[in-house]
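None of the figures in this text is laboratory data; all of them are computed from the coordinates on show. Not measured: the values here are computed from a predicted model. Neighbour counts run over all protein chains shown; Cβ positions are idealised from the backbone, glycine included.
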Amino acid sequence: MMKRRTVYLILLVMALCLTGCERRNPLEQNKVEQYKIYYLNSAMTRMEPQDYVLPEKPEDYEQAQTDWEIMNLLEQLRTVPNDLDRQAAVPDKVGFERYKLEDKVLYLYFDNNYAMMNNTREILCRASLVRTLTQIKGVDYVVLYTAEQPLMDNSGSPVGPMANADFIDNISNVNSYEKTELVLYFSDQTGEKLERETREVVHNVNSSLEKLVIEQLISGPGRPGLNPTLPKETKLLNVSVNENVCYINFDSSFLNNTLEVKEYIPIYSIVNSLAAVTSINKVQITVNGSQEFMFRDSISLNQLFERNLDYNAENEEAISETGGNE
């Protein structure tokens, strides 16, 4: 009987010790979230990221953790610590009004002063906002509004949702970057047709437009209701152009496309997107340098693909509106 009581006592002491250890574990009690705040350099010609540890949410803060992170990072983008020789991404004169988060898209509403920024400052501000805020779990895209209206590009079209990948190769020298409007084709919800998305992208002028288009297709659609045509793990090995023919070389991941779309959708997503914004009229696709492959066991890559508007949903709409007449 004494031996049994002794065993029980030992087990009880061990349990108390383990409980005490769990309570004292600082990694569990004081988890910290570390981010990068994208400030601007003193000359306002490039972004300068700074490590930032998010403080714990106060107990009396009634909103969700994501709201705490959004508001905290926005405040950091507007104020620079005194010991840093940097500029705030969002100018003082630009008033922030509100935000909303829906389906991983963060909508930011600024007053009319946002639209008054010069082109260089606005590009940097936009890039800083997107680069900083898309670090938050649950925020994949950022949409900007000014004076209750969507931010517009130079052609008068809404800029639309912006992802981290839209700002290619971090903006280190704004003079070597430009804004380009791309027309990209992604799958509709049926997986049988292509739908158009117009996207304004800030990119390095030394990067080819053909490479940029394919990288944006891999990053996926930004407009709600559209589905990707290329998996995010697709690796682009090389792009070259000769006499209006674009030669694209993927690794073997291109052949592992299991997205729920018709077999021709990924091919013509590439071809029609390239033809829409460049002088390309034919596309050759290879895998690891070889064209001796069948895509999804039905489409031979040993051919030149030409633009085909029959796969575009907008083409059907145009035909319907004209009654089939040109």
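Annotations for the structure displayed:
- Per-residue Cβ neighbour rank within 10 angstrom, fewest leading, 230, 274: 230, 274
- Equivalent ellipsoid semi-axes, segment 36-163, via Cα gyration tensor eigenvalues times 5, rooted, Å: 22, 20, 13
- Computed over segment 34-172: relative contact order in percent, which uses C-alpha pairs under 8 Å that are six or more apart: 24
- Pairs from 211/232; 104/211; 104/137; 100/179; 179/211; 211/262 whose Cα-Cα separation, in the structure shown, is over 18 Å: 104/211; 100/179; 211/262
- Nonlocal amide H pairs with residue 146, under 5 Å, H built at 1.01 Å: 110, 151
- Distance between the pseudo-spin-label points of residue 205 and residue 300 (7 Å out from Cα toward the beta carbon): 4.4 nm.
- Less than 5 angstrom separates the built amide H of residue 208 from none of the residues sequence-distant by 5 or more or on a different chain.
- Nearby aspartates and glutamates by direct alpha-carbon distance to residue 282 (threshold 13 angstrom, same-chain neighbours under 8 apart not counted): 210, 243, 306
- Taking the number of Cβ atoms within 10 Å of each Cβ as an exposure proxy, the fewest-first ranking of 61, 109, 268, 311 is 61, 109, 311, 268.
- Least to most buried among 310, 188 (fewest other Cβ within 10 Å first): 310, 188
- Charge sum, other residues only, whose C-beta stays under 15 Å from residue 48's C-beta, Lys/Arg counted +1 and Asp/Glu -1: +2
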